[in-house]
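Below: the structure, in structure tokens.
Laboratory data are not the source of any read-out in this text; all were calculated from the coordinates shown. The structure displayed is predicted, hence computed values, not measured ones. Note that we place each Cβ from the backbone using ideal geometry, even for glycine, and neighbour counts take in every protein chain shown.
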Amino acid sequence: MTEMVNRLSVGSSSAQTRDAAMAVISGRRRGPLALVPFLGPAVIASVAYMDPGNFATNIQGGASFGYRLLWVVLFANLVAMLFQALSAKLGIVTGRNLAELCRTYFPKPIVIFYWIVSEVAAMATDLAEFLGATIGFNLLFGLPLGIGVVLTGALTYSILLLERRGFRPIEMAIGALVGVMAVSYLIELLDAHPAWREIGHGLFVPWIGGSDSLFLAVGIVGATVMPHAIYLHSYLTQGRVVARGPQEKRAIMSWSNREVVIALSLAGLVNIAMMVMAASVFHDGVHDTVASIETAYATLTPLLGRAAAGVFLISLFASGISSSVVGTMAGQVIMQGFVGWRIPLWLRRIVTMLPAVLVVILGFDTTKVLIASQVVLSFALPLPILALLIFTNRRSLMGDFVNGRTTMVAGAAGAVVILALNLVLLFQMLLLG
């Protein structure tokens with residue numbers, strides 16, 4: 001904890017942000033810009049909800065099933081808001097992150113199990129993010145996938161080095177990339193001319209047509225509610241603005257919740273726009289089989305024009321780079337929190353590149369690998385959710401900030417639905433396999 005506070009003390013922009021936040025809490029600063037000092041943690045976490053895995057699942061979902069799986073995107077986003085808010089609260093109230101608390105309070109065999117599953121999830125995350133950025137390099141600049149992997153690693157490492165200057169520079173860099181994604185998909189949505197009535201029906205009327213759509217629905221949940229983002233958010237808030245008492249903690253939590261709603265609403269709209277674009281353009285009886293990012297780009301060019309296809313690639317590239325940065329940060333938090341190991345950043349970056357390198361060398365279908373990685377994440381998801389609910393409901397740890405009954409019911413319901421989807425999918429895989 002001391003090391004983190006010292007790290008956060010570096011950099012004038014970070015210090016100024018902390019001072020501005022304390023001025024808001026004390027009532028010395030008011031107005032519509034009062035939220036600005038608190039923007040950052042949820043923005044970084046929201047990147048996990050707009051990563052290349054989302055591109056893969058949303059494109060295939062929209063192309064294959066039209067608007068009918070939009071309700072899954074909406075459900076997953078609402079669940080994500082709840083659990084990201086709880087993760088942020090855990091860091092603010094306890095000054096510790098979720099992985100650290102697991103190591104402190106869980107029996108050692110459980111800690112080891114959690115660590116292994118979480119590391120596998122982190123590797124699946126990095127695989128998806130690396131492949132997304134690599135595909136972006138390939139389609140934007142015509143570079144071979146192998147070179148794209150190396151350039152992605154170098155670029156994400158450069159952005160990660162910003163953290164040495166404090167939390168604010170990296171928050172601003174990732175925030176800029178999030179803005180690129182949001183603007184790109186606003187343009188895509190306007191170009192696609194979707195059927196708005198069908199969008200409303202798809203958002204609010206649940207539908208699962210069969211095993212294929214169920215597999216994809218679980219992949220969408222895995223691509224949206226991300227295990228590593230739950231671990232990371234508590235880390236990002238644990239020492240960012242240090243409260244001096246319960247009243248200040250409550251104020252920080254209030255602003256944090258607003259940021260979570262804003263950041264994840266934006267992420268949800270981007271996800272919805274992805275699927276709507278695919279449904280509007282590809283689900284027409286001719287292009288329903290468009291299931292890969294590469295095919296989507298090639299098909300968009302004659303349907304919407306080269307400019308629209310270029311915007312699609314720019315958003316994919318921004319998604320891959322930003323989410324790769326966030327994935328590496330989360331992997332370091334998971335390793336350090338569960339087992340106390342802190343390896344050099346460059347080594348962590350190289351290790352997390354290896355799965356993507358193998359996929360490229362062995363010539364696997366990148367989009368199928370992306371979707372499979374999201375299903376892996378969905379199976380790993382119940383573990384951090386369960387731990388988060390346990391700790392935020394422990395009065396000895398949270399004091400007066402312990403979860404209320406409504407929060408616990410909503411959290412338990414979300415966890416049960418995710419677990420049920422996973423069990424049904426597992427049963428189908430075993431039955432068909």
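Let me make sure I get this right: for the range 27-106, a, b and c are the square roots of the gyration tensor eigenvalues over alpha carbons, sorted descending. Under 1.5 in a/c it's rounded, otherwise prolate if a/b > b/c, else oblate. Which is it? It is oblate, given that a/c is not under 1.5 and a/b is not larger than b/c. In terms of packing, defined here as the mean over residues of other Cβ atoms within 10 angstrom, the peptides 65-73, 179-187 line up highest first as 65-73, 179-187. The protection proxy used here, the mean number of other Cβ atoms lying within 10 Å of each residue, ranks peptides 209-216, 321-328 as follows, highest first: 321-328, 209-216.
Average projection, convex hull of the Cα set of the range 225-265: 3.1 square nanometres.
By definition, a body whose alpha carbon gyration tensor gives a ≥ b ≥ c is prolate when a/c is 1.5 or more and a/b is larger than b/c, and the range 139-238 fits this prolate description.
With Cα atoms defining each centre, the range 156-211 and the range 227-266 are spaced 20 Å apart in the structure. Multiplying the residue separation of LEU140 and ILE350 by 0.36 nm and removing their Cα-Cα distance gives an extension gain of 73.2 nm.
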